[in-house]
Structures are given as C-alpha cells and as structure tokens.
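Below: the structure, in structure tokens.
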Amino acid sequence: MIAPQVRPIHPPLTLVRPPPDPAAMLSALPIACVLIDAQNRFVTANPAAEAFLTVSVSQLRHLALADLVGPDCALFGLVAQARRDETVIIEHDVLLESPRLRRSGVTVQAVPVTESRGSEEGMSIMLTFQDESAARALDRHLSFRNAARSVASMAEILAHEVKNPLSGIRGAAQLLENTVGDCDRELAILIREEADRIRALVDRMGMFGEAPVSRDAVNIHRVLEHVRRLAQTGFAAHLRINEAYDPSLPPVWGNRDQLVQVLLNLVKNAAESITDSVTAQGEITLMTAYQHGMRMAIPGQSRRVHLPLAITVRDTGPGIPPSMRDTLFDPFVTSKPAGTGLGLALVAKIIGEHGGLMEVDSHPGRTDFRLFLPVFPEETAGSAPGRP
Ligand SMILES: Nc1ncnc2c1ncn2[C@@H]1O[C@H](COP(=O)(O)OP(=O)(O)OP(=O)(O)O)[C@@H](O)[C@H]1O
Ligand SMILES: [Mg+2]
C-alpha cells in the first residue's frame, strides 16, 4: 500500500541473477489476486487466490464474479467504479457470500488494468483480497468512539489535575530561558512550547472531550520535523530516526497540535518498543506518500472518502504482542509497567475526528502504524469543525 513516491530507505539492490518472470512472481505473491475481464469473467488467479476463494484456477476460468458472490455484494459496485473512474478503489470489511463461499471482513482492492483500455473486450480489472489487520484495525478504529466516551469524565478530572503542575513547569522554563546559555535556551524554549501545547489541548477539549476543534492547512512535514526533534532530544535520543518524505505532498486538512500529539504518541511507542526489547538495536522511519486515486469506503457510509495522504511510523521493534492485537486501541490497554494505555486510544480518537483512517501492520522486526488523512481543500478558508 505504500505509494511508489516514497524515497527508498535503502539503496536499491543490485540484481546478480536475472529476475524471475512475472508469472512466477504472481504465483509466489502471498496476496490473493484475480484478473477479471470486461464481462466480469475470471481470466486468471494466483495460488493465493485459489486458496482464498477455495476454487482452482481451472474451475475459475469457467466462472464469472456473479457465480462466486451474491448479486448484492459490494464487489460489483467496486468493480464498476474502478472501471468507470479508471482508478484504484479500496473497500474494507467486504462480505463475500454465496452458497460456495463465505468470507467476512475482507479488504478488496479493484485495480483497473489500463493496458486493456480501449480494447474490443473492454477494461479488465485486477482484484486483490486480504483478510488481515487493515480491516480489523479499521473495525477497532471505528468502534473506538464508545470506549472513548466512557473515559470522558475521567479525562476531565485528569485535565484539571494536569493544569496546575503544567503552569509550574511553564513558569520554570520561562525563567530558565533568560538565565541559561544559548545551547540550553533552545531546550528551555522547547519545554515552554510543549507546555503551551499541552495546555492548549487540555483547555480546548480535555483529553477526551467532545468539543469540536478547528482544522486548517497543516504542513505535515513540519509536524514530523517538530516531533522528530522532540523525540531526539528526549525519549529517542539513542535511536536513529530516518525520514522518507514525498516533498510534493499537499497540506493536510487538520489540527496542527492534535497531529503533533498523534505522531508523538506513535513515535514514542515505536521508541519504547525498541528500547524495551532485548536487542535494543533499531531504528524508526517516518514516511509520507501521496496515494493517487485512492478512495476508501468506510463501513456504514455510502460515500467514499478521498484520503490520499499516507503518513507511516515504522519501527524495527519486536512487534505488537498477539494477545494485544484485538484491544490495541482500547483505553487502559498497556504492556508497560508505567504505561497508561491511553496513547493509542487518543490517536484513534483524533484520527477519527479528522475523518481519517489508521491501519496497523505488525510483525517481529517491523511495525507500521499508517495514517490516511484528507488534503486541505483549496476552497476552504479553514476552521471547519473536524467531524467525519
Ligand atoms: N510500535 C509498537 N510496537 C509494539 N507494541 C506496541 C507499539 N505501539 C503500541 N504497542 C503496544 O500497544 C500498547 C498500547 O499502547 P498505548 O500507546 O495506547 O499505551 P502505552 O504506550 O502502553 O502507554 P502510554 O502511551 O500511556 O505511555 C503498548 O503498551 C504496547 O504493548
Ligand atoms: Mg504509548
């Protein structure tokens, strides 16, 4: 799902052997892929698709989409839209159901094969089916709201308790600014600015309050740079943080302070996962990319939202413990002795209020938290409340 605009993090590999032919690569691909023609008849499928659909490729060649799923399946709309708009369409949580097949929570991508454009037969579509964390993360993400409300009153008390010590910290930092040398002044300013940011957050919405926040054009690279600086002067001072940015990214439609909060939480988790692991070797990579033509359907909404800005926080830590995967975004879920378990709960809430999506892909050695956010609409002067 990472768009090709992302600068490679490692130098490209030099191939010492001739590459395998494309058919062999498709066969080896662990993602279910099928090709359908303009009449929605199956043309071919890879072995992963045979296993996923429980139909052999020789059988599939005699079938059409309508033989495999019921007439009201979302797949038909998806394919039609991909063909009409000539763009990649992704839909989460699709139900594939017929007497011969039952799969729920499937993420489907419909990719128009543009080479077939204008051919006599019409445009073919490649479909991929994935039953993995993206869909489950999305589910959790969307069902998070109720859980967030249950901690709202607790958050109000917490916010109240945070304000007093915070003004002390701010005052002390301000005093230091005027007395320390140039080198330390930068740190004192950082403390004051961070105290201001926390106070602004606490004042405006409480940590889990329901008040709408204003959104404007936000340069996400400045936000990431700020977060990287904070991390490297504090909790991630010992870690390497790589950047792989698409510099042409348009501004995000968001709230700057909240996006700092989100990315700080994700980078902090990434740093903690590496530090807490036995090897303590590792690095964090911050990535941005523009996903052309990417539209997502949100369960329960007929409208497909355009969320082309992808921001990824990757770490090389041990991955999310399997026992936590289903409750990751719930408040108070933590594996850390001093953790509150509120970090990801707050991230999910803020991204939800931005009308964005989040997905998690985690294996030992590589964990990606990926945010999808809307672009700032040119015609908007700003200050629209951020309700999806
Ligand atoms: N990048 C990651 N790698 C591995 N596990 C992670 C990662 N991010 C989150 N987790 C797991 O998810 C749990 C919940 O994270 P969350 O940020 O909500 O709370 P926390 O980090 O434990 O506490 P707090 O954020 O309040 O300090 C973590 O305790 C950890 O087990
Ligand atoms: Mg955390």
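Taken together, the values in this text are just the output of simple stated rules run on the coordinates, not laboratory data. Treat the numbers as computed from the prediction; the structure is a model and nothing was measured. We place every Cβ from the backbone using ideal geometry, glycine too, and count neighbours over all the protein chains shown.
Overview of values
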quantity: Projected label distance in nm at His292 and Met324, using a 7 Å step from Cα toward the beta-carbon; calculated: 3.8
quantity: Chain lengthening between Ala172 and Glu225 when straightened (0.36 nm per residue, less Cα-Cα); calculated: 16.5 nm
quantity: Gain in span if fully extended, Ala338 to Val375, counting 0.36 nm per residue against the direct Cα distance; calculated: 9.7 nm
